[in-house]
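Nothing in this text is a laboratory measurement; each read-out follows from the coordinates by a stated rule. Note that the structure is predicted; figures quoted are calculated from it, not measured.
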Amino acid sequence: MNIPSNILTLILGVALTLISLWYGQNHGLMPVAASQEASEVDGLFNLMMTIATGLFLIVEGAIVYSVIKFRRKEGDLTDGPPIEGNVPLEILWTAIPTVIVFILAIYSFEVYNTMGGLDPMASHDHQQMMAEETMESSQLLAMDNSRLALGLGQSPEGEQTPPLEVNVNGIQYAWIFNYPETGTVSGELHVPVDRPVKLNMTAGDVLHAFWLPEFRIKQDVIPGRESLLTFTPTRTGQYPVICAELCGAYHGGMKTTITVHSTEDYQQWIQDNTFAQVETDGDVALIGDR
Amino acid sequence: MEQVHPQRKWQDYFGFSTDHKVIGVQYLVTAFFFYLVGGAMAEVMRTELATPDPDLVQPEFYNQLMTMHGSIMLFLWIIPAGAAFANYLIPLMIGTDDMAFPRLNAIAFWIIPPGGIFFLCSFFVGAPQAGWTSYPPLSLVSGVWGEEIWILSVLLLGLSSMLGAFNFVTTILKMRMPDMDIHSMPLFCWSMLATSALVILGTPVLAAALILLSFDLIAGTAFFNPAGGGDPIVYQHMFWFYSHPAVYIMVLPFFGVISEVLPVHARKPIFGYRAIAYSGLAISFLGLIVWAHHMFSSGTPGWLRMFFMATTMIIAVPTGIKVFSWCATIWGGKISLNSSMLFALGFLSSFLIGGLSGVMVASVPFDLHVHDTYFVVAHFHYVLFGGSVFALFAGVYHWFPKMSGKMVNETLGRIHFILTFVGFNLTFLPMHPLGLQGMNRRIALYDPKFQAMNELVTIGSYILAVSTFPFLINIFWSLWKGKKAPRNPWRALTLEWQTSSPPIIENFEEEPVLWAGPYDYGIDTESVDGDEEVDDMLAEVAGSS
């Protein structure tokens, strides 16, 4: 009985590992990945799913096995074995989760850094430019410290194509996109594929949150402050833009689309939409200022 | 009094009493009433969400229901229900006759019914609709009086919770029977120490935030209102400084309940007493330094997001210790699958899922995707329903014979469990993929591509609603016609089982005897002083009488 149970444990362990590894890669829970950031996050999520599946099977397995195997027989009034603890076992199940969360924390840190979350210069560009016009450099430093970056900046890796900058204004219950390069104003976001996009975001009334599920990124949009979101679309197509912070009764209706164009299509879109803007520009600015 | 050992009359439960047992039952029944109210609101919301369009109720009303559902379930159900067990059990478990401050205890309870009714009255002036988090500026622009009532009610309930916490700590530390040192008291008392510390440290900060918010709302100040130069992010920090620990305030007491229920019905000592006791304190301490993980996508700079990610993930370690210890407790035991044990095992299997998704949402890059989606809704319902509420029912079935002197009907109890377990998982499991796929939370209208899964969730929630009926029938029927409960129906070793069911007014007929450790099952226990009556009771526990 001894040897078979050892082999059984081994087989169970191998099966558990294989199932976890397989499910971690094939859960199919995430929507399409349409940005560089999305594939980073999905890699992290797959690892977390693998570990979670393994732990889930072990613990639920132990519970179900106990319920089947260790049942009290009718009329049996005796107690179970008086085991009050087991120090090596307890050290083991303290150490393993510690190692797991350590690995997850480091991996998450790496992913977050790659996504540009720790970009030291992140969102300063805009304020710096404004500040440089009006202030001495000592004041500038003070200003920098008090206004740290919010959101995702440039990724420290790879080539640094100058990003496409878009100013985003969130108001109840719409998003307004302003392209400073061309003066285009739109209620939908249009971007070219494979070029970094940098959104400078603020809100006109209450808190909103800018969420692109297919891009796996989200950042609150805060009245009176500027926040920032940088990402690189990798897949053409049309995807939802969703407000993810409760902003009033029609919060659920506050959505629009982001269209990722090929470079040529994007140029075409810009051309088609720059012309029509001149007269509507003022109106939109008014809404934004309210 | 004419009787030698006077019992409470049923009328006593409807008036002002300083008896901790009466107050405990009053807490529990009041909390359960609000559970039904909050649950009814959830059912209206789920019915609305059965279709993508806002066709059943106005979106404004949906947001009111959503706000009230969250606030009621947290402040009027889970937190008072934890206090209910604490009030009822602590003096009995440590072998004393009442709480340290009985009158304060009664006052703490009597704040709750008027507070709760005041809160419900906000529907007459337009209930708050900024969510239970009440983030400004939205909370400042969506109806003044509903919001103000919300603030005042939460302040009142917070006060009640603090009065209770001071009482629990004092009682546990100062009123244990002479022979009981701190390492031989039941684990439920440890969990209430950890809980009370959080209540005492966290609640004042929430109160400060709400008072300032109230000034912004009524007097037009601008502490948090960006229109006047205020900072809405500061509110979020102050709010979560209490409200994240509040999650532990809501779950730690029920960890304690589980540590009591499992050993008795598995006939084994608790596995790793000290590890469970200290991990509760560790959770309590770490719980104070994780609050900004609710704000990863908010106004939190990158390095701070990393700090709070690390602290949050570390909480998985003490929590894991508890879960593994509970599994090891039932492993190799002699399990009776009665209603109490079923709910305890339901707790273990559901809370695990909430814990695993908890580590996931602690990871900043992943949280940036799922924050404020149904994934998070699924996560916290697995913790607060799968965790707290399952354990709460385990506790109710376990101590009902002690509280009422009547046994419950096990068949109805099992039906209750099966309906709850199926309904719960059907309601909340599909919310994980919904959130990952792109459904945000707190919305009355949603993308039609999510309809099929939402229908499933709505059906699950109806099963959950139905599951309360066998429970209610069981309770009323058992009170009326149930079999009389003996002193110690589960053959348990904690001290509340040494007295009659229900206990007499001053708890114990004579000085209680520390007959054994609280979980010394299977260990040959003989009372030290050779008291015959105690020996008889011990023999009964050991099953040899």
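A few comments on the model shown:
- log10 of Debye I(q)/I(0), alpha-carbon scatterers only, for chain B at 0.08, 0.10, 0.12 Å⁻¹: -0.51, -0.80, -1.16
- 5 Å-binned pair-distance histogram of the range B:401-520 (Cα, whole percent): 2, 10, 14, 13, 11, 10, 10, 8, 8, 7, 5, 2, 1, 0
- Helix B:79-93 and the longest principal axis of the C-alpha atoms of chain B enclose an angle of approximately 20°.
- When the alpha-carbon atoms of the range B:15-185 are used, the pair Rg, Dmax equals 18.9, 64 angstrom.
- Largest to smallest principal axis extent of the C-alpha atoms in the protein assembly as shown, angstrom: 98, 70, 54
- Averaging 1/r over each pair of different alpha-carbon atoms in the range B:32-105 and inverting the result gives 14.6 Å, the Kirkwood hydrodynamic radius.
- Taken over the range B:482-545, the ratio of Cα radius of gyration to 2.2 N^0.38 Å equals 1.09.
- Residues whose amide H falls under 5 Å from that of A:GLU245, counting only those 5 or more places apart or on a different chain, are A:ALA209, with hydrogens built in the peptide plane.
- Too-long pairs where the Cα-Cα distance tops 30 Å, listed order kept, from B:LYS334/B:LYS402; A:LYS69/B:LYS484; B:LYS334/B:LYS484; A:LYS73/B:LYS484; A:LYS198/A:LYS255: A:LYS69/B:LYS484
- Compared with the dominant principal axis of the Cα atoms in chain B, helix B:59-71 is inclined by about 30°.
- The ellipsoid that matches the Cα gyration tensor of the range B:219-376 has semi-axes, each √(5λ) in whole angstrom, of 37, 15, 14, with the longest given first.
- Relative contact order (percent, whole number), chain B, Cα cutoff 8 Å, 6+ residue spacing: 17 percent
- Overall form of the range B:302-459 per C-alpha gyration tensor (a/c, 1.5; a/b vs b/c): oblate
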